[in-house]
Amino acid sequence: VSTYNTLLKGLVLADRVFEAEVLFKKLIKDRICEPNEVTYGTIMNGLCKAGNTKIAIRLLRFMEERGCKPSKEVYSTIIDSLCKDKMVDDALTILTEMIDKRVFPNVVTYNSLIYGLCSLGRWEDAKETIIEMDRRKINLDLCTFNTLVDAFCKEGMVEDAESVLRVMIERGEHPDVVTYSSLIDGYCLRGQMKEAMGVFATMIGKKIEPNIITFNSLINGHCKRSNINEAMKVFDEITHRNLVPT
RNA sequence: GGAUCCGAUUACGU
């Protein structure tokens, strides 16, 4: 079954979810092998990525009927997809369901929820979620912090993003290219190019390699301020670093 | 009792 799982994942990665579904159905119909929780997880992930969260939820019910216990990964996949669809309350319902079934959420599950809550501006609920994580002794990880930094930046609350950065460093989590790129984008969105370049200098100082996304944000920021010369300089830097413009 | 393989989360733009 692992072989089929690997193949199914390949199809999903290649955006050939339909073919993955066909193969999945064939496995069951021809009794080639019984799908396990990884198989279901892979197919659900494919369905979700293709925008079929509802069908993925139906598959969740199907696997239960078939006597395969949904893992936390399976629940997390559904929760993540609902959050991305801004159906965070439905996601919270699934969270309650999994806990009722003694399948306990992990940091990934909560990261998706925090992402969803923040993207709806439900800051208080996001805060509550973090408190709940602490209560469950689930440590925030790099992804949690990055999600928060990005959410604040997108709302123009760069000061709050900066305090998240301080907290993460305090907690011994090392900011990475995503953290700094989010911050840079935050300043660029506000047209604060001096600050954006300051963050850029900081990340270089920490030997964190900027990538094409980092530079795209900077170019966007300079162009917004009609500073084409600076934008061109950044563009030269891209070529210099052998990065490929997207 | 232990190890390994297969699934879930974060940044720009399109």
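Residues checked against (1) under 25 Å from A:VAL103 (Cα atoms); (2) without any contact (Cβ under 8 Å) to a residue 24 or more places away in the chain; (3) not aliphatic (A, V, I, L, M):
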| residue | (1), (2), (3) |
| --- | --- |
| A:THR3 | no, yes, yes |
| A:THR6 | yes, yes, yes |
| A:VAL38 | yes, no, no |
| A:LEU60 | yes, yes, no |
| A:PRO70 | yes, no, yes |
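Evaluate segment A:74-92: report whether one residue or more is in a helix (DSSP H, G or I), of a type in the set (Asp, Glu) and within 14 Å of RNA strand B (Cβ to nearest atom). There is at least one residue in segment A:74-92 that is in a helix (DSSP H, G or I), of a type in the set (Asp, Glu) and within 14 Å of RNA strand B (Cβ to nearest atom). Here A:GLU73 meets the list (1) at pLDDT 95 or above; (2) under 21 Å from A:GLY10 (Cα atoms); (3) of a type outside the set (Phe, Trp, Tyr) almost entirely, failing just condition (1).
In segment A:207-219, the residues that are more than 16 Å from A:HIS174 (Cβ to Cβ) form Cβ pairs under 7 Å with partners that are among the charged types (D, E, K, R) and within 8 Å of RNA strand B (Cβ to nearest atom), at six or more places apart or across chains, as follows: A:SER217/A:ASP185.
Restricting A:THR179, A:THR129 to residues that are under 30 Å from A:ILE99 (Cα atoms), in contact with a helix residue (DSSP H, G or I) (Cβ under 7 Å, 6 or more places away or on another chain) and surrounded by 15 or more Cβ atoms within 10 Å (Cβ to Cβ) narrows the list to A:THR129.
Residues in segment A:190-221 that are within 21 Å of the chain's Cα centre (by Cα), among the hydrophobic types (A, V, I, L, M, F, W, C) and assigned to a helix (DSSP H, G or I): A:ILE212, A:ILE213, A:PHE215. The residues listed here are A:LEU23, A:LEU59; of these, the one that is aliphatic (A, V, I, L, M) and within 17 Å of A:THR77 (Cα to Cα) is A:LEU59. Looking at segment A:163-172, can you tell me whether even one residue there is surrounded by 13 or more Cβ atoms within 10 Å (Cβ to Cβ) and charged (D, E, K, R)? No; the residues of segment A:163-172 include none that is surrounded by 13 or more Cβ atoms within 10 Å (Cβ to Cβ) and charged (D, E, K, R). Residues of segment A:44-56 that are away from RNA strand B (no atom under 13 Å from the Cβ) and either at pLDDT 95 or above or assigned to a loop (DSSP other than H, G, I, E, B) (or both): A:GLY51, A:ASN52.
Among the residues of segment A:95-107, is there at least one that is within 22 Å of A:TYR187 (Cα to Cα), within 11 Å of RNA strand B (Cβ to nearest atom) and touching a helix residue (DSSP H, G or I) at 6+ places or on another chain (Cβ under 8 Å)? There is no residue in segment A:95-107 that is within 22 Å of A:TYR187 (Cα to Cα), within 11 Å of RNA strand B (Cβ to nearest atom) and touching a helix residue (DSSP H, G or I) at 6+ places or on another chain (Cβ under 8 Å). Per the conditions (1) touching a helix residue (DSSP H, G or I) at 6+ places or on another chain (Cβ under 6 Å); (2) assigned to a helix (DSSP H, G or I); (3) closer than 21 Å to A:GLY172 by Cβ; (4) more than 9 Å from RNA strand B (Cβ to nearest atom), the sole criterion not satisfied by A:PHE145 is (4).
The values are calculated or read from the model by the stated rules, or taken from the named source; none is laboratory data. Keep in mind that what you see is a predicted model, and the values were worked out from it rather than measured. Cβ atoms come from the backbone with ideal geometry, glycine included; neighbour counts cover every protein chain shown.
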